[in-house]
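The structure under discussion appears below in the form of structure tokens.
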Amino acid sequence: MIGATMFGVTTPCVTTARERLEDLGYEVLVFHATGAGGQAMERMIRDGFITGVLDVTTPELADELIAFCSQSLSRQKVPRSIDFEAALPRLPTGKLYKRLLRDRYWGDKTSRIL
């Protein structure tokens, strides 16, 4: 039995990998990467039910990054959350399209301060 974690941006990757593994004869259980899903998978690994793991979703990384920022930056500069993107929007010239990124979070608010 193989356990896999997924959420959000990793769903297409995990779905493709699960289908391929099932075609090869493996049984795959997919868990939501955070909260009860991640804890349930870890418990099944400890109990020996899961013998292989496909872990492409690592929310712990975001927690570690925020903890590092908390130790290294002033409080108002520490991010409240971290979003992982498959790709960042770019202009035809290849430059980062910052306005499009900002609009995801600020939308049509008049103030750009949160």
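For the reader, a short list of remarks on this structure follows.
- Cα long-axis angle, helix 59-72 against the chain (0 to 90 degrees, to the nearest 10): 40 degrees
- 222 nm mean residue ellipticity, helices alone, for the chain (DSSP H n ≥ 4; -39,500 (n - 2.57); rounded to 500): -12500 deg cm²/dmol
- Rounded, prolate or oblate (a/c below 1.5 giving rounded, otherwise prolate when a/b exceeds b/c) for the range 2-57 by Cα gyration tensor: oblate
- The range 32-95: GluC sites (Glu not before Pro) in DSSP loop, at most 11 other beta carbons within 10 Å: Glu85
- Qualifying trypsin sites (Lys or Arg not before Pro) in the range 1-90, DSSP loop, other Cβ atoms within 10 Å at most 12: Arg80
- Among Gly48, Ser74, Val28 the positive-end extreme of the charge dipole of the range 25-114 (Cβ point charges): Ser74
- Normalised by residue count, the chain yields a Cα convex hull volume of 156 Å³ per residue.
- The range 60-106: C-alpha gyration tensor shape, a/c 1.5 cut-off, then a/b vs b/c: prolate
- Virtual paramagnetic centre 7 Å along Cα→Cβ of Val53, amide N under 16 Å, in the range 5-43: 5-7, 29-43
- Rounded to the nearest 20, the size of the Cβ-charge dipole of the range 1-68 about its Cα centre is 80 debye, with Lys and Arg at +1 and Asp and Glu at -1.
- Rounded tilt (10° steps) of 11-23 against the dominant C-alpha axis of the chain: 20 degrees
A short reminder: the numbers here are calculations on the coordinates, not readings from a lab. Predicted model, so just to flag it, every value in this text is computed and none were measured. Note that each Cβ is placed from the backbone with ideal geometry, even for glycine, and that neighbours are counted across all protein chains shown.
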